[in-house]
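Colleague: This is the structure I have questions about; it appears just below.
The values are calculated or read from the model by the stated rules, or taken from the named source; none is laboratory data. This one's a predicted model, so the numbers in the text were calculated from it and none came from an experiment. Neighbour counts are summed over all protein chains in view; Cβ atoms, including those assigned to glycine, are modelled from backbone coordinates with ideal geometry. All accessible areas refer to the heavy atoms of the entire protein, side chains included, with ligands and DNA or RNA removed. Shrake-Rupley method; radii C 1.70, N 1.55, O 1.52, S 1.80 Å.
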Amino acid sequence: SSAWRPPHVAELFSLGTHQSAAAIEYGIFLDPATNQIRNANEVRFRNEQAIKWVAEWKGNLGSTELEVSTYANLIFNYFWLRPGGITTNTRGAYPFFRYHQSNALFTGADVEVTIPFAERLKISSRTSLIRAADITNHDFLSFIPASRSEVRLRYQKPNAGKARNVFAELTGNHVFRQWRAPRTISPSDFLAASRTGTNPLNGESSNFDFMAPPQGYFLLNARIGFSVAGKRARYDFLLSGDNLLNTSYREYTNRFRYYADDLGRNIRFSFKVIF
């Protein structure tokens, strides 16, 4: 398959603080030296264009269901947000990022196995592997999801008294550390260099990140739900719990990891009326 897209306005003209991420972002139209908007004739950018190949196989080994999917996605003129350094103002020091374009290659595979233990009980496992590279500069890209694996135990019963579609499931998610990441130059390195008049980049143009990738982590989640059919509506009930072990972790793709852990234990009750 093939696809293309023009740049988003934020990728072209961002100028200032991204309030939710507490970081300053600059678009491609911003001059790297002055941060002034450049004339359109001075800016060289192109629309993203992608060529994608996908191969999928589904089969059964006895009662076991197996699905394997592989893909390769070559993106020309890929827009991505690259760490640029540290800037200071009256509110303190902030990391800043600039939008760049590079040719990028994404490859990966998903493997899913489902094994029924009984008529209503089954276990499934899904593993996702992803690799990405900046092939223009022969370097790693930032904020690429790490490989992960999930195991789910699910019980499902079509009818139980007046309840319909009764189910309960327990899920364990393991996310690996992202080892394919750019080098690390911390904010303290930039601040120390500014005091001594040195350059922490040392003339090196390779990509970097402000913090090393976080360690891998394991999350335990659970859900219980059922539906009740009324005369004029259907009522869905759902009780779910995420991160039941209250694990302290940081997700590599979340820029909040620079400042804080991700969400702890979270219990939710949902009631939905469909009419």
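Colleague: Among the GluC sites (Glu not before Pro) within the range 1-49, which fall in a DSSP loop and have no more than 15 other Cβ atoms within 10 Å of their own Cβ? Provide the component values of the computation, followed by the final result.
Modeller: Values: sites: 11, 25, 42, 48; in loops: none.
When the GluC sites (Glu not before Pro) of the range 1-49 are filtered for loop state and at most 15 Cβ neighbours within 10 Å, nothing remains.
Colleague: Output the Kirkwood hydrodynamic radius of the chain, Cα pairs only, in Å rounded to one decimal. Can you show the working numbers first?
Modeller: Details: mean 1/r = 0.0446 Å⁻¹.
Computed over the chain, the radius equals 22.4 Å.
Colleague: Would the range 69-179 count as rounded, prolate or oblate if I go by the C-alpha gyration tensor, calling it rounded below 1.5 in a/c and otherwise prolate when a/b exceeds b/c, oblate otherwise?
Modeller: Numbers: a/c = 3.57, a/b = 2.06, b/c = 1.73.
Note, shape of the range 69-179 comes out prolate.
Colleague: In bins 10 Å wide, starting from 0, what share of all Cα pairs of the range 177-245 does each bin hold, as a percent?
Modeller: 15, 23, 16, 14, 14, 11, 6, 1
Colleague: Percent of alpha carbon pairs in the range 94-157 separated by more than 15 Å? Mind dumping the intermediate values first?
Modeller: Values: 1327 of 2016 pairs.
That tail contains 66 percent of the Cα-Cα pairs.
Colleague: Right, another one. Could you name the lysines in cross-link range of residue 162, using Cα to Cα under 21 Å and dropping any fewer than eight places away on the same chain?
Modeller: 231, 272
Colleague: To continue, here is another question. Once Rh is set to the Kirkwood radius over Cα pairs, what Stokes-Einstein translational diffusion coefficient, in µm²/s, holds for the range 1-151 at a temperature of 20 °C and a viscosity of 1.002 mPa s?
Modeller: On the way: Rh = 18.6 Å.
Diffusion coefficient, whole number: 115 µm²/s.
Colleague: Under a 1.4 Å probe, what is the accessible area of the range 131-275 per residue, stated in Å²? The partial results should precede the final answer.
Modeller: On the way: 8740 Å² over 145 residues.
Roughly 60 Å² per residue, with all protein chains present.
Colleague: Send over the Kirkwood Rh of the range 59-108, from the inverse of the averaged 1/r over different Cα pairs, rounded to one decimal Å. Show your work: numbers first, answer last.
Modeller: Working: mean 1/r = 0.0667 Å⁻¹.
It works out to 15.0 Å.
Colleague: Oh, and also: Going from the alpha-carbon gyration tensor of the range 117-240, what semi-axes, largest first and in whole Å, does one get by taking the root of 5 times each eigenvalue? Write down the numbers at each step before the final one.
Modeller: Numbers: eigenvalues 494, 55, 31 Å².
For the range 117-240, the ellipsoid semi-axes come out as 50, 17, 13 Å.
Colleague: Tell me, what % of the accessible area of the range 126-223 is carbon and sulfur with a 1.4 angstrom probe? Each step should come with its number before you reach the end.
Modeller: Values: 3090 of 5430 Å².
Whole-percent figure for carbon plus sulfur exposure: 57.
Colleague: Here's another thing I want to ask about it. I'd like the distance between the alpha-carbon centres of the range 1-71 and the range 140-208, rounded to an integer number of Å.
Modeller: 18 Å
Colleague: Hey, what angle do you get for helix 187-196 against the long axis of the chain, alpha-carbon based, 0 to 90 degrees rounded to 10?
Modeller: Between the helix axis and the principal axis of the chain, the angle is about 10 degrees.
Colleague: Can you compute the radius of gyration and Dmax for the range 1-71, using only the Cα atoms, both in Å?
Modeller: Expressed in Å, the Cα Rg and Dmax of the range 1-71 come to 21.2, 66.
Colleague: Still on this structure: Sort 81, 141 by accessible area with a 1.4 Å probe, largest first.
Modeller: From most accessible down to least: 81, 141.
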